[in-house]
Amino acid sequence: MRHLPTRTTRRRVVGALTAGLLGALGLTGTWELAGPVPAAGAATPATSVPATSVSAGRAPTDGLALTPPMGFNNWNSTHCRAEFDEAMVKGIADIFVDKGLKDAGYEYVNLDDCWALPARDADGKLVPDPARFPGGIKAVADYVHAKGLKLGIYTSAGTKTCNDAGFPGALGHEYSDAQQFADWGVDYLKYDNCNNQGVDARQRYTTMRDALKAASQATGRPIVYSICEWGENKPWEWAADVGQLWRTTGDISDNWGSMLSIMKQNLPLARYAGPGRWNDPDMLEVGNGGMTDTEYRTHFSMWSIMAAPLLIGSDLRSASEKTFTVIGNKEVIAVDQDPLGKQGEVLSSEGGRWVVAKEMKDGSRAVALFNESGSPQRIATSAQAVGLPDADAYTLRDLWQHKSYNTAGTISATVPAHGTVLVRVSADGRWAGNPPAVELGVEGSTLTEAGKATALATSVTDLGRTPAKRVSVSVTGPSGWKVKADSPTTAGSLPTGRALRTKWTVTAPAGTPPGAYDVTLKAVYRSPGGVRAESVLPLTATVAVAPPSGTSNLGALPWLSTTNGWGPVERDTSNGESAAGDGGPLTINGAVYATGLGVHAESNVEYYTGGACESVGAQVGVDDEEGADGSVAFEIWADGTKVASTGVLTNADAARALVADVSGARVVRLVVTDGGDGITSDHGDWAAAQLTC
């Protein structure tokens, strides 16, 4: 568990998302053999970082956590509920073995908060809750060890743990508690940061390090030490000789916004990671239900390329097969567990298009093409840019498709909204045995209205050193949708860099309810040797409703999507806490407003305007409910262009009028950023927000 001392005012958990987005398809088609395709839409270098880097800190001497720890922690799925007990922990250990997770590398079964009684015994010792753990912690450890696994436990570097019930913390009891843990057979300690009484973090965490070393020397049991200090004192700069991993961020939540914000905080810290010293962006949320399958694959992909600890946070007793497919992907896990121990580095990021590359021990590179945005994006780099030597061609292995291709050097893909293409690229000389890689592209909006034809254009581009033969392309929509090719859908041969371009018209039937619908772009082709290959690009078509004429309260209109830094976006109330409907009146510097939107930075709210609206306006500012700590900036975007902004506002500022001309825009986006100083207390109000059409 990782709660903060005052959860109302200290917003370290970042982001909530109502996923949805993309748009409906409609296209037209012609195909042509075009010349080599330029890298339009490719990520533009934002930071030039070499693919190899020198990790800071000392080399480990204890041999612990030479690759990022992998295992399970119960907190994200159970918190302190009664279901967290001895039977659950033993059941997770059984599942590790039965479902192949142990064979995939997962080994730690970790207990989080609430395992102890609220008070120590007469001798000052910790007492396991007999209702939850009737056999005690040692019996659980013995069971886990018998499975060939390891047991982890939790406490806090304070007088109490982070749970509201206040279980005993270890501050002042470090040596006694560490000895108890070792005697019980504990292999991993997560040491939280609550109720720390203002004692210096380095002092608190170093004291427990010394206590663990003493207990290890006395018992012969080494304990991996996880410093859960939330990144408040930059532990990556000082903790390499204190623990084996350190939290770089606040708590993760099971939503896109939280995962994205935490990833962005962790990515710049690559140089501090290495064998025995890992940046920890918190546990996995895969399978807990708050994100889409695409978003969970991104979550797992990006944690792996960041060489992050992989601690499963879902209750595996009820997990779906899709969840096991994601967390059990051995090819992705191999990226995380590579013994060279490099954390992936950002090579470029522009417009939500990210390229992250990780040097591997065998000389290959793992490359993540990550699309932060809400629509498909072309993301591109090259073998040279990721640090590979010059070669005639390269082997490109798609780690989610489990297929290998050859490429002449381009590494690119059209990546679905919130998606990640994760590949491993090598100059291995065996490229000719693989079919050429092809890139599927799409142009035009996937946002439409029911009964209206929408134009879409697709492309199939040969990235390989060898030609793609007998190429055919198709677009498939939901049952009842009309998909018509308006130009040829086949090509006899595509040489390197050439493309088959097709125009389509796509129509959702009249009466189709608003919402997101699956549409698939697929290419089938042959290698020069006749080997059949295919490439699939999943798309999301969004059917929207035309905005009403006149002036409307934005709080009453349907939105396409929302992303919010804490809890859901609220209609006509402030953001409040993490639950829907828990806000208060919208209040900016004492002025109260009856209508509008209550949000928390970082926040995005998207509306479909269909080219029929003229203006958006609101009174904006920081809501009074969070005291004096908030600082945010408001922006209005029209079809990807920023058309109005406020600059940074604080609680001391009166409401600011923000009005933008959005004439002709199909989508309007309301954005609240953190003002450049983190998201603590950043409650923003779009008060009296109106759309005129």
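Computed from the coordinates by the stated procedures, all read-outs in this text should not be read as laboratory data. What you are looking at is a predicted structure, and each value in this text was computed from that prediction instead of being measured. Positions of Cβ are generated from backbone atoms using ideal geometry, with glycine treated the same way; all protein chains shown enter the neighbour counts.
Full extension of the chain between D129 and T325 yields a length gain of 67.1 nm, computed as 0.36 nm times the residue separation minus the alpha carbon distance. Database remark: amide H of G158 closer than 5 angstrom to the amide H of A170, L171 (H placed geometrically; neighbours at sequence offset of 5 or more, or on other chains; Pro and chain starts carry no H).
Multiply the residue gap between S373 and E232 by 0.36 nm, knock off their C-alpha separation, and tell me the result in nm, one decimal place. Walk me through the numbers on the way to the answer.
Values: separation 141, 0.36 × 141 = 50.76 nm, distance 2.86 nm.
Computed gain between S373 and E232 is 47.9 nm.
Using bins of 10 Å that start at zero, the share of Cα-Cα pairs per bin across the stretch 159-231 amounts to 21, 54, 24, 2, in whole %. In the chain, helices alone account for a calculated mean residue ellipticity at 222 nm of -4000 deg cm²/dmol, with every DSSP H run of four or more residues adding -39,500 (n - 2.57). Restricting the calculation to Cα atoms, every distinct pair contributes to the Kirkwood radius of the stretch 551-692, found to be 14.4 Å.
Rank-order 363-373, 506-516, 327-337 by packing density, defined as the average count of other C-beta atoms within 10 Å over each peptide's residues, highest first.
Working: 363-373: 23.3, 506-516: 16.0, 327-337: 20.0.
Result, highest mean Cβ count within 10 Å first: 363-373, 327-337, 506-516.
Working note: Karplus 6.51/-1.76/1.60 with θ = phi - 60° gives the stretch 225-242 the couplings 10, 9, 8, 9, 9, 6, x, 5, 10, 6, x, 4, 8, 9, 9, 4, 10, 10 Hz, where Gly and Pro are set to x. Site pair K452 and D62 shows an inter-label distance of 6.2 nm when each label is modelled 7 Å from Cα along Cα→Cβ. Checking [x] 181; [y] 154; [z] 340 against the coordinates, the calculated volume of the Cα convex hull per residue in Å³ falls under label [y]. Which residue, S404, P416, A541, has the largest displacement toward the positive end of the dipole of the stretch 346-544 when charges sit on each Cβ (Lys, Arg +1; Asp, Glu -1)? After comparing all options, I get S404. Derived value for the stretch 468-512: Kirkwood hydrodynamic radius 12.2 Å. Basis is the mean of 1/r over every pair of different alpha-carbon atoms. A cysteine counts as unpartnered when no other cysteine's C-beta lies under 4.7 Å of its own; in the chain this applies to C228. For the stretch 94-241, the C-alpha radius of gyration sits at 1.04 times the compact-globule guess of 2.2 N^0.38 Å, with N the residue count.
I'd like the per residue volume of the convex hull spanned by the Cα atoms of the stretch 286-365, given in cubic angstrom.
Per-residue hull volume (Cα only) is 94 Å³.
Of the residues L117, A146, V127, the one whose Cα sits farthest towards the positive end of the charge dipole of the stretch 77-225 is A146 (charges of +1 on Lys and Arg Cβ, -1 on Asp and Glu Cβ, taken about the Cα centre). I want the local charge near F167. Using Cβ-Cβ distances under 13 Å, sum +1 for each Lys or Arg and -1 for each Asp or Glu among the other residues. That works out to -3. Per-peptide packing, taken as the mean over residues of other Cβ atoms within 10 Å, places 411-422, 488-499, 259-270, 197-208 in the sequence 411-422, 259-270, 488-499, 197-208 from highest down. For the Cα trace of the stretch 346-544, dividing Rg by the Kirkwood Rh returns an Rg/Rh value of 1.00. Each Lys and Arg contributes +1 and each Asp and Glu -1, all at the Cβ; summed about the Cα centre of the stretch 442-595, the dipole is approximately 1220 debye. The order of the peptides 459-469, 662-672 by mean Cβ neighbours within 10 Å, most packed first, is 459-469, 662-672.
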